[in-house]
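Everything on this sheet refers to the single structure shown next.
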Amino acid sequence: DAKTTQPNSMESNEEEPVHLPCNHSTISGTDYIHWYRQLPSQGPEYVIHGLTSNVNNRMASLAIAEDRKSSTLILHRATLRDAAVYYCILHNQGGKLIFGQGTELSVKP
Amino acid sequence: DSGVTQTPKHLITATGQRVTLRCSPRSGDLSVYWYQQSLDQGLQFLIQYYNGEERAKGNILERFSAQQFPDLHSELNLSSLELGDSALYFCASSPTGTGGHAFFGQGTRLTVV
């Protein structure tokens, strides 16, 4: 399984943008890049995913490098409710979802 | 609400016992995944079913088994329980393999005493 590498933790100030990086140098051509987050005592929650092009939705933006070996999840204005563990996952169509350690994001008021 | 329902929410049982965790996927989703999350291990992938067939296996112990029924709900059976099996167990579902994302339930918290 292709692996991802994320920083263990990051800090942000409330209402500022947050850029969460992910490296996936062994990504294959059919792997989608997925981001999930997990709030304390809750199940993981889907955030966004993409294949090659940058993606935007109401929660976040996903910027994918041209060679697809890295990606960045962008939260445009962090709120206290965005404090969570963020997971970057490579997902082959219909295949298993393997979670790494993720990045624990803390947001300061 | 993700649309994935897990029951029960909490379960307390003794060592050596057997329990069954149940998962109802979102309507129409064919894939079901099971995960174990303990404090020191993170989210560990256990097993995946797709339309009733086992598709992928992770670090699932031999004491654990799962199945997906014709109505697509799934059950995870844990037997000969040990203290170390205490954890949150999550189920997720996703539609057919088009790169679509998964939806997670709220989990079952298992405590083995």
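The values are calculated or read from the model by the stated rules, or taken from the named source; none is laboratory data. Remember, it's a predicted structure, so these values are computed and weren't measured experimentally. Cβ coordinates were reconstructed from backbone atoms using ideal geometry, including for glycine residues, and neighbour counts include every protein chain displayed. Just so you know, the surface numbers come from the protein's heavy atoms only, side chains and all, with ligands and any DNA or RNA stripped out. Shrake-Rupley method; radii C 1.70, N 1.55, O 1.52, S 1.80 Å.
Some values worked out for this structure:
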{"read-out": "Length released on extending from B:Ser65 to B:Asp40, taking residue separation times 0.36 nm less the Cα-Cα span", "value": "6.8 nm"}
{"read-out": "Segment B:3-71: GluC sites (Glu not before Pro) falling in loop per DSSP and having at most 15 other Cβ within 10 Å", "value": "B:Glu62"}
{"read-out": "Dipole of chain A, positive end: most advanced residue of A:Ala78, A:Pro109, A:Pro44 [Cβ charges, Cα centre]", "value": "A:Pro44"}
{"read-out": "For the protein assembly as shown, radius of gyration divided by Kirkwood radius, i.e. Rg to Rh on alpha-carbons", "value": "0.98"}
{"read-out": "Fraction of accessible area attributable to carbon and sulfur, chain A (%, probe 1.4 Å)", "value": "45 percent"}
{"read-out": "In nm, spacing of pseudo-spin labels at B:His10 and A:Asn23 (7 Å Cα→C-beta vector)", "value": "4.3 nm"}
{"read-out": "Accessible area in the full protein assembly, largest first, 1.4 Å probe, for B:Phe90, B:Phe103", "value": "B:Phe103, B:Phe90"}
{"read-out": "Spin-label zone in segment A:1-32 - amide nitrogen under 18 Å from a point set 7 Å from the Cα of A:Ser106 along the C-beta vector", "value": "A:7-16, A:18-20"}
{"read-out": "Diffusion coefficient, µm² s⁻¹, Stokes-Einstein with Kirkwood Rh over alpha-carbon pairs of chain A at 10 °C and 1.306 mPa s", "value": "115 µm²/s"}
{"read-out": "Förster radius 30 Å - calculated FRET efficiency between B:Arg22 and A:Glu16 (Cβ-Cβ, nearest 0.05)", "value": "0.10"}
{"read-out": "Set of aspartates and glutamates with alpha-carbon distance to A:Lys96 below 19 Å, sequence-local pairs under 8 removed", "value": "A:Asp1, A:Asp31, A:Glu45, B:Asp29, B:Glu53, B:Glu54, B:Glu75"}
{"read-out": "Cα centroid separation, segment A:32-66 to segment B:40-113 (Å)", "value": "22 Å"}
{"read-out": "Whole-number Å³ per residue for the convex hull built on Cα positions in chain B", "value": "94 Å³"}
{"read-out": "Accessible area per residue, Å², the protein assembly as shown with all protein chains present, probe 1.4 Å", "value": "49 Å²"}
{"read-out": "Probe 1.4 Å, all protein chains present, accessible-area order of A:His76, A:His91, A:His49, largest first", "value": "A:His76, A:His49, A:His91"}
{"read-out": "Computed magnitude of the charge dipole of segment A:23-109 (debye, nearest 20; Cβ of K, R +1, Cβ of D, E -1)", "value": "200 debye"}
{"read-out": "Cleavage-rule hits (trypsin sites (Lys or Arg not before Pro)) in segment A:5-109: DSSP loop, at most 13 neighbouring Cβ within 10 angstrom", "value": "A:Arg58, A:Lys69, A:Arg77"}
